[in-house]
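A quick write-up on the structure given underneath.
The values are calculated or read from the model by the stated rules, or taken from the named source; none is laboratory data. Everything quoted here is computed from the prediction, not taken from an experiment. We place every Cβ from the backbone using ideal geometry, glycine too, and count neighbours over all the protein chains shown. Side chains included, ligands, DNA and RNA excluded: accessible areas come from the protein's heavy atoms. Shrake-Rupley method; radii C 1.70, N 1.55, O 1.52, S 1.80 Å.
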Amino acid sequence: MTRGVDFLLRKNGVDSISGTARLVSPNAVDVTGPDGQNSRIAARNIIIATGARPRSIPPLPIDGERIITSRESIVAEDVPDSIAIVGGGAIGVEFAYIYRMYGAEVTVIELLPHIVPNEDEEISQQLERAFNRHGVKLVTGAGVTDAQADAEGVTLTIDKDGITETARFDKVLVAIGVLPNTEDLGLETVGVATERGYVVIDDKMATNVPGIYAVGDVTGKLALAHVASAQGVTAVESIAGEETQPLNYTFMPRATYCHPQVASFGLTEAQAIAQGYDVKIGRFNVQASGKAVAMGENDGMVKLVIDANYGEILGGHMCGPEVTELLAELQMTHLLEGTTLELGWAVHAHPSVAEMVHEAALDAEGRALHM
Ligand SMILES: Cc1cc2nc3c(=O)[nH]c(=O)nc-3n(C[C@H](O)[C@H](O)[C@H](O)COP(=O)(O)OP(=O)(O)OC[C@H]3O[C@@H](n4cnc5c(N)ncnc54)[C@H](O)[C@@H]3O)c2cc1C
């Protein structure tokens, strides 16, 4: 734990103990400290927040040297001449951008047809165009079937469209998702239910065992820091007997800090259609934003997915400068059951990147001014 976090905890009357914890009963945890000593802590309530760790697959055994994960990348002090990033999700593209900016030859290998495959397809395509321009090589619809590491690098075997090829890289970063930290936690001892390894929770973050709660990545809901925090608040409010607001994971803000940034919340166009909505779309191209151009940012778009019958904002999908900052306005409009009509009525300061949301809302109403 960092000193800053430790200070904040102490300031708020929270004790912290270093060690590995294990549930021994619904009201007790054993902690093995760094010195190997055991201590038992009794508690009326227990919150499990053990997080998750990077996942790998048998063809890509992590050795921490040539085949690495985000953990080793974060603390790395050198930049490889070339790196393959297996997995084009949020973490994969963030590291692709970072390594490319440091001068590495970067290849992203993604199994699905597009990078950031959980995003709206148009946003994925925007990011692909930007990455292509910045010299990041993208190999999509391709799987890695073998990796041979030696002292100088790694030879990857890549299958794409039925054709098998090998390619050589200095390093390989595996970014294909996470696994929950639920082993050796004593969950079976106390009977806490899990599903695919993740702790099962209800709306109040309660597990099936009275008094035991779980929050964060270990619950497998949405592996984001602010989601973990929101779950933590809900769990504590539940324990304190306060009223809690159920979290709607679909409408949580999602941010990917590559360049250009990607930010979204709610349903993609494809998801909204699949759920039976009659949708209308509002778009705005970043190139037409005076503020974005002044910032030297030309890549990206804002796309709003709207329920055509009621004007409800079903989803916001953005790629461009500081777009994560624009999620709050969309979320608040959604929370207050506002529509693109109100978003269009609200006068936005000029020049500002927020105007992009305003223009996309106007576009959904067929009243765009600057496109
Ligand atoms: C490279 C990377 C970039 C990310 N970027 C973002 C971002 O920009 N925005 C965002 O919102 N999210 C981001 N995330 C996700 C975010 O880090 C996680 O969602 C968040 O940390 C989850 O919090 P948590 O408390 O559930 O787990 P963690 O933060 O993982 O904390 C769990 C802690 O529990 C400890 N622990 C595990 N088992 C035990 C045990 N038996 N006893 C005692 N302690 C134990 C672990 O050592 C760890 O310290 C990123 C993740 C990665 C890997």
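Just one of Ala223, Ala228 is within 15 Å of the ligand (Cβ to nearest atom), touching a residue at least 60 places away in the same chain (Cβ under 8 Å) and touching a strand residue (DSSP E or B) at 6+ places or on another chain (Cβ under 9 Å); which is it?
Numbers: Ala228 fails: touching a strand residue (DSSP E or B) at 6+ places or on another chain (Cβ under 9 Å).
Being within 15 Å of the ligand (Cβ to nearest atom), touching a residue at least 60 places away in the same chain (Cβ under 8 Å) and touching a strand residue (DSSP E or B) at 6+ places or on another chain (Cβ under 9 Å) holds for just one of Ala223, Ala228, which is Ala223.
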Next on the checklist: For segment 114-169, give me each residue that is surrounded by 13 or more Cβ atoms within 10 Å (Cβ to Cβ) and at pLDDT below 95.
Outcome noted: none
Checklist entry - What's the number of the condition Asn248 fails, among (1) within 21 Å of Val93 (Cβ to Cβ); (2) surrounded by fewer than 22 Cβ atoms within 10 Å (Cβ to Cβ)? => result (1)
Next on the checklist: Whether any residue in segment 47-58 is exposed (fewer than 14 other Cβ atoms within 10 Å of the Cβ), away from the ligand (no atom under 15 Å from the Cβ) and in contact (Cβ under 8 Å) with a residue 40 or more places away in the chain is what I want to check.
Outcome noted: no
Next on the checklist: Tell me yes or no: at least one residue of segment 206-214 is at pLDDT 95 or above, away from the ligand (no atom under 11 Å from the Cβ), closer than 22 Å to Arg55 by Cα and surrounded by fewer than 18 Cβ atoms within 10 Å (Cβ to Cβ).
Outcome noted: no
Next on the checklist: So, Ala292, is that one touching a strand residue (DSSP E or B) at 6+ places or on another chain (Cβ under 8 Å), within 12 Å of the ligand (Cβ to nearest atom) and small (Gly, Ala, Ser) or not?
Outcome noted: no
Checklist outcome for this item: Flagged pairs (Cβ under 6 angstrom, 6 or more apart or on separate chains; first in segment 62-85, without any contact (Cβ under 8 Å) to a residue 60 or more places away in the chain and within 22 Å of Gly135 (Cα to Cα); second open to solvent by 60 Å² or more (accessible area, probe 1.4 Å) and outside any helix (DSSP H, G or I)) are Val79/Tyr102
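Whether any residue in segment 149-168 is of a type outside the set (Phe, Trp, Tyr), touching a helix residue (DSSP H, G or I) at 6+ places or on another chain (Cβ under 6 Å) and away from the ligand (no atom under 14 Å from the Cβ) is what I want to check.
Of the residues in segment 149-168, the ones of a type outside the set (Phe, Trp, Tyr) are 149-168.
Add one more test, that the residue is touching a helix residue (DSSP H, G or I) at 6+ places or on another chain (Cβ under 6 Å), and what stays is none.
Looking through segment 149-168, none of the residues is of a type outside the set (Phe, Trp, Tyr), touching a helix residue (DSSP H, G or I) at 6+ places or on another chain (Cβ under 6 Å) and away from the ligand (no atom under 14 Å from the Cβ).
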Item to check | Given (1) under 26 Å from Met205 (Cβ atoms); (2) open to solvent by 20 Å² or more (accessible area, probe 1.4 Å), index of the condition Leu23 fails | outcome: (2)
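For segment 60-75: of the residues being more than 30 Å from Ile201 (Cα to Cα) and surrounded by fewer than 16 Cβ atoms within 10 Å (Cβ to Cβ), which is nearest to the ligand (Cβ to nearest atom)? Explain how you work it out, then say what you get.
Quick first cut of segment 60-75, residues more than 30 Å from Ile201 (Cα to Cα) only: 60-68, 72-75.
Restricting the remaining residues to those that are surrounded by fewer than 16 Cβ atoms within 10 Å (Cβ to Cβ) gives 61, 63-65, 74-75.
Details: Pro61: 19, Asp63: 19, Gly64: 15, Glu65: 19, Ile74: 6, Val75: 11 Å.
My answer is Ile74.
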Checklist entry - Applying the selection to segment 254-289, what residues are away from the ligand (no atom under 16 Å from the Cβ) and of a type in the set (A, V, I, L, M, F, W, C)? => result Leu267, Ala270, Ala272, Ile273, Ala274, Val279, Ile281, Phe284, Val286, Ala288
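Would you confirm, using the coordinates I've provided, whether Tyr277 is touching a strand residue (DSSP E or B) at 6+ places or on another chain (Cβ under 6 Å) and modelled with pLDDT of 95 or more?
When the stated conditions are applied, Tyr277 passes them.
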Checklist outcome for this item: Taking segment 232-253 and the residues there that are touching a residue at least 40 places away in the same chain (Cβ under 8 Å) and outside any helix (DSSP H, G or I), the one that is nearest to the ligand (Cβ to nearest atom) would be Pro253
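Restricting the search to segment 185-199, which residues are surrounded by fewer than 15 Cβ atoms within 10 Å (Cβ to Cβ) and either part of a loop (DSSP other than H, G, I, E, B) or within 23 Å of the chain's Cα centre (by Cα) (or both)? Steps first, please.
Taking segment 185-199 and keeping what is surrounded by fewer than 15 Cβ atoms within 10 Å (Cβ to Cβ), we get 188-189, 191, 193, 195-197.
Answer for segment 185-199, where residues must be surrounded by fewer than 15 Cβ atoms within 10 Å (Cβ to Cβ) and either part of a loop (DSSP other than H, G, I, E, B) or within 23 Å of the chain's Cα centre (by Cα) (or both): Gly191, Ala193, Glu195, Arg196, Gly197.
Quick check on Ile85: is it within 14 Å of the ligand (Cβ to nearest atom), surrounded by fewer than 17 Cβ atoms within 10 Å (Cβ to Cβ) and at negative phi?
In short, no.
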Checklist entry - Are there any pairs with C-beta distances below 7 angstrom linking a residue in segment 301-319 that is more than 17 Å from Gly366 (Cα to Cα) to a residue that is in a loop (DSSP other than H, G, I, E, B) and among the polar types (S, T, N, Q), with the two at least 6 apart or on different chains, and if so which? => result Gly315/Thr268; His317/Thr268
Item to check | Odd one out for Arg40 among (1) open to solvent by 50 Å² or more (accessible area, probe 1.4 Å); (2) touching a helix residue (DSSP H, G or I) at 6+ places or on another chain (Cβ under 6 Å) | outcome: (2)
